[in-house]
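What follows is a set of notes on a single structure, which appears directly below.
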Amino acid sequence: MALPALFDRLRLPVIGSPLFIISGPELVIAQCKAGIVGSFPALNARPQSQLDEWLHRITEELAAWDRDHPDTPAAPFAVNQIVHRSNPRLEEDVATCAKWKVPIVITSLGARPELNDAVHGWGGITLHDVIDDRFAHKAVEKGADGLILVAAGAGGHAGRLSPFALVQEVREWFDGPVALSGSIATGGAILAAQAMGADLAYIGSPFIATDEANAIAAYKQAIVDGRAEDIVYSNLFTGVHGNYLRASIVNAGLDPENLPESDPSAMNFGGAKAWKDIWGSGQGIGAVHAVEPAGARVARLAEEYAAARARLAL
Ligand SMILES: Cc1cc2nc3c(=O)[nH]c(=O)nc-3n(C[C@H](O)[C@H](O)[C@H](O)COP(=O)(O)O)c2cc1C
């Protein structure tokens, strides 16, 4: 099935994935201007009224860009909604997204038909993130337009399945839009995701080490310095298994080799807070060698992507 028309504006088949605390208007606008989908979690805008301000700013700045650059219009943007009972803002946040007719809504941690209907009502599309084929079926049954397959090695809450296994299972029955995530950090890996059967690569951790990311310098540098072996998979910090930078766990006074199983009542470990002090990251960061503007990172990915296509004579 062809991708929805709004993806025609992409200069590279990539979604810059939503990053708790880290992604806001600066990063999203830079990603969209560079030609990839930029996204942010609605919950990053605090208080709730800030969501309206952010969407206003993103919409206006991208419209101004389009007026000035008719040959290279901005890619569409996405807002991530946490569709879980624990999110008391969901209804208000969806209403704010309706006001601004957000083109793409990424839903996580729960699939709800009424949310998909609401997004369709204003002409948007929904992409739901899943870690296995069972959740993929549920998401599509409940009306999601597309799927984000979160494979092993992804930053933040990550799956356990090989991307090869996950994509092939889903592609046996689903021909709608599929984005693949988990350690994608080079242009060659973007092309590989497409070769496997995905339409888009979903990239998070490399964008932490960009000028526009809302992260402290030490976190950005840890992404630059880190490699796959520096990533620890644990459910201690949020109750859900995820990938984190070893150095941040050590800084919190914990032994990364001997982490206890999660205690759902805790989000605080000797004063260290998940996400703020315990730093999420995928395994793909060995490919990140500098903190640079997001646009430069996208340009580099695009060059590598073109080189990979040429190497394969595509
Ligand atoms: C620090 C961090 C925060 C994240 N926050 C969110 C979030 O709020 N919502 C969400 O759907 N995914 C979140 N993710 C997951 C990413 O959207 C995406 O699945 C992941 O970054 C892809 O893997 P990669 O980091 O290896 O590219 C987060 C990931 C990281 C590293």
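Determine the gain in length on full extension of the stretch ALA310-GLU257; use 0.36 nm per residue of separation and subtract their C-alpha separation, reporting nm with one decimal.
Details: separation 53, 0.36 × 53 = 19.08 nm, distance 4.26 nm.
That works out to 14.8 nm of additional length.
In order along segment 306-314, the phi-based Karplus estimate (6.51 cos²θ - 1.76 cosθ + 1.60, θ = phi - 60°) of 3J(HN,Hα) comes to 5, 5, 5, 5, 5, 4, 8, 6, 8 Hz; Gly and Pro are listed as x.
Could you tell me the center-to-center distance, by alpha carbons, between segment 219-236 and segment 1-68 in angstrom? Cα centres, segment 219-236 to segment 1-68: 26 Å. Among the trypsin sites (Lys or Arg not before Pro) found in segment 217-246, those both in a DSSP coil and sparsely packed, with 15 or fewer other Cβ atoms within 10 Å of their Cβ, are ARG227. Counting only DSSP H runs of at least 4 residues, each contributing -39500 (n - 2.57), and dividing by the residue count of the chain, the helix-based mean residue ellipticity at 222 nm comes to -10500 deg cm²/dmol.
Counted residue by residue at 0.36 nm each, then reduced by the alpha carbon distance between them, the extension gain from ASN214 to HIS69 reaches 49.5 nm. A 25 angstrom limit on the alpha carbon distance is what I want to check against. Which of LYS33/LYS220; LYS138/LYS220; LYS33/LYS99; LYS220/LYS273 exceed it? The pairs that break the limit, which is 25 Å between Cα atoms, are LYS138/LYS220. Extending 7 Å from Cα along the Cβ direction at SER162 and again at VAL224 yields two label points whose distance is 3.5 nm. Of all DSSP-defined beta bridges confined to the chain, some 25% are antiparallel rather than parallel. For the chain, what does the alpha-carbon gyration tensor say about shape, rounded, prolate or oblate, given a ≥ b ≥ c as the root eigenvalues, a/c under 1.5 as rounded, and a/b over b/c as prolate? Rounded is the answer for the chain, as its axis ratio a/c remains below 1.5.
Converting phi to 3J(HN,Hα) with the Karplus coefficients 6.51, -1.76 and 1.60 and the offset θ = phi - 60°, segment 58-67 yields 4, 4, 5, 5, 6, 5, 5, 4, 4, 5 Hz in sequence order, with x at every glycine or proline. Close amide H partners of ILE148, meaning residues 5 or more places away or on another chain with modelled amide H under 5 Å apart, are HIS128, ASP129, VAL130, ALA179.
Scalar couplings 3J(HN,Hα) for segment 109-124, obtained by applying the Karplus form with A = 6.51, B = -1.76, C = 1.60 to θ = phi - 60°, are 6, x, 10, 10, x, 5, 6, 4, 4, 4, 5, 4, x, 9, x, x Hz; x denotes Gly and Pro.
Where a number appears in this text, it was derived from the coordinates with a stated rule and is not lab data. Everything numeric here is computed off the predicted structure, so don't read it as measured data. Please note: Cβ atoms are built from the backbone with ideal geometry, for glycine as well, and neighbour counts cover all protein chains shown.
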